[in-house]
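Worksheet: one structure, shown below.
The values are calculated or read from the model by the stated rules, or taken from the named source; none is laboratory data. Predicted model, so just to flag it, every value in this text is computed and none were measured. So basically every Cβ, Gly included, is an ideal-geometry build from the backbone, and we count neighbours across all protein chains shown.
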Number of protein chains: 4
Amino acid sequence: MSQDNPVIQEIRKTVCDLHAELVRYELVVWTAGNVSGRVPGEDLFVIKPSGVPYDELTPESMVVCDLDGNPVEGRYSPSSDTAAHAYVYRHMPEVGGVVHTHSTYATAWAARGEPIPCVLTAMADEFGGEIPVGPFALIGGDDIGRGIVKTLSGHRSPAVLMQNHGVFTIGDSPKAAVKAAVMCEDVARTVHIARQLGEPLPIAQEHVDRLYDRYQNVYGQRSHL
Amino acid sequence: MSQDNPVIQEIRKTVCDLHAELVRYELVVWTAGNVSGRVPGEDLFVIKPSGVPYDELTPESMVVCDLDGNPVEGRYSPSSDTAAHAYVYRHMPEVGGVVHTHSTYATAWAARGEPIPCVLTAMADEFGGEIPVGPFALIGGDDIGRGIVKTLSGHRSPAVLMQNHGVFTIGDSPKAAVKAAVMCEDVARTVHIARQLGEPLPIAQEHVDRLYDRYQNVYGQRSHL
Amino acid sequence: MSQDNPVIQEIRKTVCDLHAELVRYELVVWTAGNVSGRVPGEDLFVIKPSGVPYDELTPESMVVCDLDGNPVEGRYSPSSDTAAHAYVYRHMPEVGGVVHTHSTYATAWAARGEPIPCVLTAMADEFGGEIPVGPFALIGGDDIGRGIVKTLSGHRSPAVLMQNHGVFTIGDSPKAAVKAAVMCEDVARTVHIARQLGEPLPIAQEHVDRLYDRYQNVYGQRSHL
Amino acid sequence: MSQDNPVIQEIRKTVCDLHAELVRYELVVWTAGNVSGRVPGEDLFVIKPSGVPYDELTPESMVVCDLDGNPVEGRYSPSSDTAAHAYVYRHMPEVGGVVHTHSTYATAWAARGEPIPCVLTAMADEFGGEIPVGPFALIGGDDIGRGIVKTLSGHRSPAVLMQNHGVFTIGDSPKAAVKAAVMCEDVARTVHIARQLGEPLPIAQEHVDRLYDRYQNVYGQRSHL
């Protein structure tokens, strides 16, 4: 069946390979973070298997799930965070990729329930303002997914700090969601360190807006998108 | 003799290889941490040799000891922490693996004699509450082992912060004890960083209990255990 | 055309390869930093393409620009920071290389708009005093370049902390500018950590001067310059 | 001449290879740290060449110096810290190796001119008490060497924090001095982090003494010394 679908095969490989970026940027330890990607044109997404080490992941070990989070393919159980990913795909049709990590500095802000203020031009570029905090929510139902969607809907930021928990990021592709996770930890760390020795200088809202607008519309190689 | 015992050979290899995880997650410098594993069905365990660099370890260099910590096999002296490991195996029959490190953030909590409060869902999952502190104890007798066993007996946490010293973790296998050491440093670091800029939000005990119960019973691939 | 110019080919390779040092010293994440190098004897410089990952860079993918920042060669768009590099080359003829990063500790000082005080002998050697802060400036015109040139002209420091943004460094070669970026982050981190637990001891201006003078004139292998 | 002396050849290789440990433990950036080793039975020592990157070091590029710090062999200039190493070898005949770094946390203590208190059992083992601070001294004469020797003579610690500068360590071999440099940074980091959130608990002097005595006389494989 869909094992033979070349689109799904490609997404299996993309999602599998992107986990290496989580490891490279030290956003994860052991098996604690995961990437997923929507299958375009089908009510399916591909996600990391549960509890499998990053260096043992293969495209074949990725799990294909329907949008209720039920596995429809794959010999492994899907990530224990699958219900949250599924909720996002059901309620945010523009999202093509979701990432979850417990990256250190972002999770430290989440433990205090404190949004990260936008005091860096790179943060204005990527997040368009502060990175918001989502509610405390227990795993095992739709509470985490609902908290992510409620916090990010209509917000510029592709990242949410789930209180006492960690980070979820979204993007139009799995790669964009991974980039948001990498940048989220980078700005979480830099702003944390800045604040250790005093208050960072604010950036005027007008400047945040201009930076965000320019970055979303100009940066990078058009041919690479 | 037991050089030819294939069970011991396999445990030698497992224990040897797991030291690479201590290095990968930067829990150790030089030769300062060690892993051991119980030999099922025999009053023996396998442990790192003393003072040998991690990248020179081989299965053959591991040392087989009896439960009093006396080497019964191997050309090397066992780790200088062997007495502590032996005490744990003698008094906690459910333990199959023990790990010791001086990992930075966990040892910093230990230097202040302060338990790590449970303010992260991942910490509720793995440790079921705070990570406790054990007594100050000198090396050279049973004091360290006694402190570990007294602190961890009847406690959910598989990790103890020995005051002014470092971390000991236990598990039903050497791999589980290594995972506990990795997660202990991860939460020690995240909670430390959270507290640098204010107080983390508490997690209600009821939520800690539900997270711990779920994680211990649901997570991961059943076929992988 | 100049594809065949061996001087430009060599600079393409030098600039390309130097990005590996930014990765090695963890000064950059994703695609956020860049190196450029002037083409001696021509009104041209070579710079990183925009939005291309560091491990996909090749000498051929580097972009040759004129001193107004317009690409004259190469199939990629140049770095979005090209205008700032170009402004420096136009106004500082002694500069042969420019580097831009958002390295964590230096950017943290920049977020507070605070110069790094010269409290380390290595900092006196390399920077000859404090590392200064440049103005807040938006991308998209000459404001960033003007801020760099105004701050560094007549200053001993080859590094400037652009407020709320990151670091720009200059050198007589691309390699010298990369070295300044590496050393800038190193001293930014060490002085930050020193100040976390109290005030660092000052170094007398006379001693700073003697260290700077000696280092600029004596250190290293003469044959390597 | 002594190119053909197999003892010197072996020390060239040992000293060269040990620089990889400084890189591995991130004690150095660019070319800022160095290792040297005494040639037994001759008034000579072998040291890193000045300004050469760590991954370009070869045994042949090491420089042989007399005990006044004058190069007697090698095509490179010796490290700019050679005079300090030479002074130590002249005045401490028991020393077989010297290491210098600007490792981050140790240098942060040095910038405040504050000794590292002995609040970790591993620190009692290796250093036998606090790690002391040496005087501010300018490069270019015997001041640094004199400060090292004055501070370490009759002191248990093999490491000294030179004020506003960095770390010098000594050992009976180059490897022992490298180990001291690695452990110095490790305890500097752990005690720093412990103190960020409160005061570490002291260790009684009697316990420090017992730990130091035991470690110096029992630890490791006798056959490895």
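Observations
- Looking only at residues of region A:49-77 that are among the small types (Gly, Ala, Ser) and under 19 Å from the mean Cα position of the chain (by Cα), we find that the one that is nearest to A:Gly97 (Cα to Cα) is A:Gly69.
- Filter result (closer than 26 Å to B:Arg24 by Cβ and of a type outside the set (Asp, Glu)) within region D:22-56: D:Leu22, D:Val23, D:Arg24, D:Tyr25, D:Leu27, D:Val28, D:Val29, D:Trp30, D:Gly33, D:Val35, D:Pro53, D:Tyr54
Condition check ((1) among the hydroxyl-bearing types (Ser, Thr, Tyr); (2) over 17 Å from B:His155 (Cα atoms); (3) without any contact (Cβ under 8 Å) to a residue 12 or more places away in the chain) across all residues:
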{"site": "B:Val46", "(1), (2), (3)": "no, yes, no"}
{"site": "B:Cys65", "(1), (2), (3)": "no, yes, no"}
{"site": "B:Pro71", "(1), (2), (3)": "no, yes, yes"}
{"site": "B:Pro78", "(1), (2), (3)": "no, yes, no"}
{"site": "B:Thr101", "(1), (2), (3)": "yes, yes, no"}
{"site": "B:Thr107", "(1), (2), (3)": "yes, yes, no"}
{"site": "B:Ala111", "(1), (2), (3)": "no, yes, no"}
{"site": "B:Pro115", "(1), (2), (3)": "no, no, no"}
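- Residue count for region D:126-167, restricted to those that are assigned to a helix (DSSP H, G or I) and either hydrophobic (A, V, I, L, M, F, W, C) or buried (at least 24 other Cβ atoms within 10 Å of the Cβ) (or both): 7.
- Complete set of residues in region D:145-175 that are within 14 Å of chain C (Cβ to nearest Cβ), more than 21 Å from D:Ala124 (Cα to Cα) and touching a Pro at 6+ places or on another chain (Cβ under 9 Å): D:Gly147, D:Gln163, D:Asn164
- Some residue of region B:164-173 being among the acidic types (Asp, Glu) and either touching a strand residue (DSSP E or B) at 6+ places or on another chain (Cβ under 7 Å) or on the phi > 0 side of the Ramachandran plot (or both): no
- The conditions of being at the interface with chain D (Cβ under 10 Å from one of its Cβ atoms), in contact (Cβ under 8 Å) with a residue 24 or more places away in the chain and within 11 Å of the chain's Cα centre (by Cα) are met by C:Val178.
- Single residue of region D:115-125 satisfying the filter (surrounded by 24 or more Cβ atoms within 10 Å (Cβ to Cβ) and under 17 Å from the mean Cα position of the chain (by Cα)) that is nearest to C:Gly198 (Cα to Cα): D:Ile116
- Scan of region A:139-168 for residues that are without any contact (Cβ under 8 Å) to a residue 40 or more places away in the chain and either farther than 21 Å from A:Leu22 by Cα or polar (S, T, N, Q) (or both), ordered by number: A:Asp143, A:Gly147, A:Lys150, A:Thr151, A:Gly154, A:His155, A:Ser157
- B:Tyr105 vs. criteria over 19 Å from the mean Cα position of the chain (by Cα) and under 30 Å from D:Cys118 (Cβ atoms): no
- Number of positions in region C:182-210 that are in contact with a Ser or Thr (Cβ under 8 Å, 6 or more places away or on another chain) and either modelled with pLDDT under 95 or more than 7 Å from chain D (Cβ to nearest Cβ) (or both): 3
- No other residue among A:Gly134, A:Gly145, A:Gly113 is modelled with pLDDT of 95 or more and out of contact with any strand residue (DSSP E or B) (no Cβ under 8 Å at 6 or more places or on another chain) apart from A:Gly145.
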